[in-house]
Each structure stands twice: as structure tokens, then as C-alpha cells.
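Worksheet: the structure to be examined is printed underneath.
Rule-based calculations on the coordinates, nothing more; no lab input. Given the structure is predicted, the values throughout are model-derived calculations rather than measurements. Glycine also receives a Cβ, built like all others from the backbone with ideal geometry; neighbour counts cover every protein chain displayed.
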Amino acid sequence: MRIAIASDHAATDLKAALRDWLMEEGHEVADLGPDEGESVDYPDYGFKLASVVADGTAERGIALCGSGIGISIAVNRNPDVRCALVSEPLSAALSREHNDANCLAMGARLTGIEMAKACVTAFLNTDFADALPDGTGRHQRRVDKLSNSSS
């Protein structure tokens with residue numbers, strides 16, 4: 001799978017650990033930055049991540065900052081992206097199953113590496129569970145409304 005990962009300065013260590021682990025797992029990973037030590041603004045990296053997921057360059061995205069909150073808000077500004085802020089695997093799986101989330105956000109100050117890996121594993125291994133093959137099921141109908149501000 002093609003995965004993009006981005007963070008702010010508070011999450012560069014978690015980003016590097018997840019990037020390396022994902023590559024070991026056989027995924028193609030685009031690290032959108034920043035490098036360790038740079039003080040940066042999370043919206044810049046959230047917008048960059050959302051852009052590559054929205055245009056299909058990456059199939060999924062992982063967004064990280066100190067709490068996960070700020071970068072998840074930035075990523076969700078793009079109407080073609082659904083970013084779920086999670087701290088445990090069940091929420092990560094449900095974000096895919098019910099909401100067809102294409103980005104996952106976590107907080108480096110709140111989530112350790114093993115829990116982060118468990119969340120990413122659940123996120124990547126769970127399919128969107130729209131029950132009807134024609135796309136008219138309850139989940140797809142609701143996901144469609146997320147990108148349509150007039151609903």
C-alpha cells in the first residue's frame with residue numbers, strides 16, 4: 001500500500017519509527033516531513049498530507065502531532081479526506097469500517113509506539129463495510145454527506 005506520513009516537530013520520533021516499521025512491513029511510504037529538530041506549524045504538514053491522499057498519490061495517510069488534534073483538524077479541511085483521531089485500535093478499525101477514513105491521526109505525546117503500531121495495523125487491515133455492492137448502503141450514504149456541505 002502507498003502510505004504518506006507527516007507530523008509536526010513534536011512527533012518526528014514517532015513518525016520515523018512508524019515510517020521504518022511500515023517499510024519493513026512492505027509498504028511504500030512517503031515521508032512528507034519534517035526532519036527532526038525543525039520547529040514547524042502542523043497545519044502546513046496536515047494540508048500537505050491531505051493533498052497527496054486526496055489526489056491519489058497515497059492510498060492512506062498518517063498524521064501526527066503532539067496531541068493529534070491540531071493536525072487532524074488541518075487534514076480534515078480537505079473535503080476528499082476523512083481523518084480519524086484515534087488512540088486505540090478499535091476506533092482505528094471503526095473509522096475504516098463505518099467512515100471509510102483514509103487518514104489516521106495520533107498524538108505522539110499520548111500514544112506510545114506499540115499502541116500506535118496497533119492502531120495503524122487495525123486501520124490498514126480493515127475494509128469499508130458498506131453492506132450493499134451498489135454503494136447505496138447506510139455507510140456510503142453517510143460518507144457521501146461528509147464531503148457535501150449542503151447536506
For the chain, what is the charge dipole size about the Cα centre, in debye to the nearest 20, if Lys and Arg each add +1 at the Cβ and Asp and Glu each add -1 at the Cβ?
600
According to the square roots a ≥ b ≥ c of the eigenvalues of the Cα gyration tensor, what is the shape class of the stretch 2-146, taking rounded for a/c under 1.5, prolate for a/b larger than b/c otherwise, and oblate for the remainder?
prolate
Theoretical ellipticity at 222 nm over the chain - DSSP helices of four or more residues, -39500 (n - 2.57) apiece, nearest 500
-12500 deg cm²/dmol
No Cys partner within the rule (Cβ under 4.7 Å), the chain:
Cys65, Cys119
Out of the DSSP beta bridges found with both residues in the stretch 1-116, what percent are antiparallel (nearest 5)?
0
At least 15 Å along the helix axis (C-alpha) and Kyte average at least 0.5, DSSP helices within the chain:
113-125
